[in-house]
Each structure stands twice: as structure tokens, then as C-alpha cells.
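See below for the structure under consideration.
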Amino acid sequence: MDPARHAGNVALVTGAGSGIGRAVAHRLAGEGAIVAVLDIDRAAAQGTVESLGGRDHVALVADVAKSAEIDAAFDAVNDALARVDVVVCNAAVNRTPDDGRDKKDERLRRGEHPDHVVDMTDEGWARMLEVNLYGAFYCCRAALRSMNERNRGSIVCVSSIAAQSGTGPVHYTAAKAGVIGLVRSLALEVASRGIRINAVCPGSIDTPMMRSVPAELMDGLVARIPLHRVGAPDDIAAAIAYLASDDASYITGAVVPVNGGLFIG
């Protein structure tokens, strides 16, 4: 870790109340950034700020699926800290109400075909895209409204190995694949302004989201990972901190896998 690599930068991290987002907040703060910690859970956001040790770090509360709340959060950061240099679009869910996941899991436990999509409601499908894809778009749009004025900035969006391999619930995989398309298109749009946008695709990472996976499925998954371990949130944070920094000044539109070799393609 370079304690000065992000010195002077203001960074906003979504979903930073726990898991990968919290690890990213710590990494960026450890490298000198002032961090705006955004989460849907107020106590979690404040807890991350407190764990960063004070300074000028701020906690923000917003549902990334609601564009007005995201716009208000960015306005608050710009008012309090004058700008946003780095944005990490990390907030995500891997299941939603009425998405048919419970029935799928029960079928798998009985050794039957999963038949997930047939039980997925419109609401379950829509909420997944609203959080994981629309949320990334809303954050990128709000970030660019600020960054375009200064012709500089860096955005990193968290996608997933599921978007590359297809091995995930269909609504989650579709949303995360959409994030990759969003990153590639926006990277071309804003490159002439000196703004870079990249994506990371985590594999199996030890987070609260991953801990919801049944133990018997996790055992089989770890056995297939070439590096023979589940990743840590810090593994993702290190990649994000690099991509967001000037050390990666010639990288934009990239999709970086961080998956222990589970998928190479």
C-alpha cells in the first residue's frame, strides 16, 4: 500500500458499509484519500467512517436504485468537499424479494433441475437490475456531471465473474454483464475529457453476500479455484485502488478479473 498514492483525492464508494465496499474505503483512506462512505444502511455507513479514524471522511445514506437519492448524495459531497475525484460503484445485491431463489435452492438440495427463471417474478427481476445496473448508471452519471467540469476523474465499477462466465443467477448475471457494457461505452465517451472508467470482476470473495451460499456448494467451488482459496475483500480493494490511481493512467475501458483463476477468458 502506498500511503500517498491517493493523497488529495476525494473518493466516493457505494455499498461501503460492509464487505468489498468497506475494504475499498479503508484502502483508499490508507492511501491518502478523503472518503465519502455511501450505504443504504446508515449505521453501517457511519461504522465504516468511524473505523477510518475520523478526519474529513463522511457517511452518506442512499438507495443506489433511486436516482434522486444518488444525485442528492453527490451534491452533498460536492458541497462538503468541493469535488469528487474517484468513484467506486460497488453497491449490489445477489438476490431480491420474489426472485424465485428459494424454490431454486430447494430443488438443488433435492438434486433436481433448478428451474430458476420460471419462478422469477417481474418484481424480482426488476429490483436486481435497479440496484446492480441502474445504480451503477446513476452513480456514473452523477459523477460525470462533476468530473466533466474539471476534465479529470476515475470511476471503477464492480461487476462479477458471473458476467464473464454466465455461472450465476440469470438476473444477477444479466445485470452485471450490463455493467461491463456500461463501462466500455462510457470509457469511450469520456476518454477525451481525461476521465477513465474501468471494471473489476470479483470471483468468490468472503463477504456477507457470499456467506449466503450453501456450505455444500461453497466446498465444491473452492475445490475448482486454481489458487485454492476464496478471495478476501482486500484482494478486490487492491485492484480497485490501482485502477483508480494515476498508476493506471493509461488504462480505461478495461475489465479486470480478480478470481483466483476460476475463469480465464
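Multiply the residue gap between Ala7 and Ala126 by 0.36 nm, knock off their C-alpha separation, and tell me the result in nm, one decimal place. Intermediate results must be reported in sequence, preceding the final value.
On the way: separation 119, 0.36 × 119 = 42.84 nm, distance 3.90 nm.
Between Ala7 and Ala126, full extension yields 38.9 nm more.
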### Size of charge dipole - segment 53-127 - debye, nearest 20, with Cβ of Lys, Arg +1 and Asp, Glu -1, no other charges
360
### Query
Which of His57, His116, His171 moves the most in a Gaussian network model of the chain with Cα springs under 10 Å?
His116
### Task
For Ile155, list long-range residues whose amide hydrogen, built 1.01 Å from N in the peptide plane, is under 5 Å from its own amide hydrogen.
Val87, Arg196, Ile197, Asn198
### Summary
Among the DSSP H helices of the chain, those whose Cα atoms extend at least 15 Å along the helix axis and whose mean Kyte-Doolittle hydropathy is -0.5 or higher are 19-30, 67-81, 135-150, 170-190, 233-244
### Lys103 versus Arg211: modelled label distance in nm, points set 7 Å from Cα along the beta carbon direction
3.0
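Could you please report the charge total around Gly17, scoring K, R as +1 and D, E as -1 over all other residues with beta-carbon less than 14 angstrom from its beta-carbon?
Details: positive: Arg22, Arg42; negative: Asp39, Asp41, Glu50, Asp63.
Residues close to Gly17 contribute a combined charge of -2.
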#### Entry: Span per principal axis, largest first, for the Cα atoms of segment 1-125 (Å)
54, 33, 22
### Task
Add +1 for every Lys or Arg and -1 for every Asp or Glu among the other residues with Cβ under 14 Å from the Cβ of Val255, and state the total.
+3
### Task
Starting from the amide H of Ala91, placed 1.01 Å from N in the peptide plane, find each other amide H under 5 Å away whose residue is 5 or more places distant or on another chain.
Thr14, Gly15
### Query
Using only helices, what value at 222 nm comes out for the chain when you add -39,500 (n - 2.57) per DSSP H run of length 4 or more and divide by the total residues, to the nearest 500 deg cm²/dmol?
-14000 deg cm²/dmol
#### Entry: Equivalent ellipsoid semi-axes, the chain, via Cα gyration tensor eigenvalues times 5, rooted, Å
30, 19, 18
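Using 1/(1 + (r/R0)^6) with R0 = 22 angstrom and r between the beta carbons of Ser249 and Asn148, what's the FRET efficiency to the nearest 0.05?
Details: r = 18 Å, r/R0 = 0.83.
For R0 = 22 Å, the calculated efficiency reads 0.75.
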### Environment charge at Leu60 (Cβ cut-off 11 Å; Lys +1, Arg +1, Asp -1, Glu -1)
-2
### Query
When all alpha-carbon pairs of segment 133-265 are counted, what percent fall beyond 26 Å?
25
### Task
Mind giving me the nanometre distance, one decimal, between the label points for Val118 and Ala232, set 7 Å out from Cα along Cα→Cβ?
4.4
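Coordinate-derived values only; no laboratory data. Computed from a prediction, not measured in an experiment: that's the story for all the values here. Here Cβ is always computed from backbone atoms with ideal geometry, including for glycine, and neighbour counts include all displayed protein chains.
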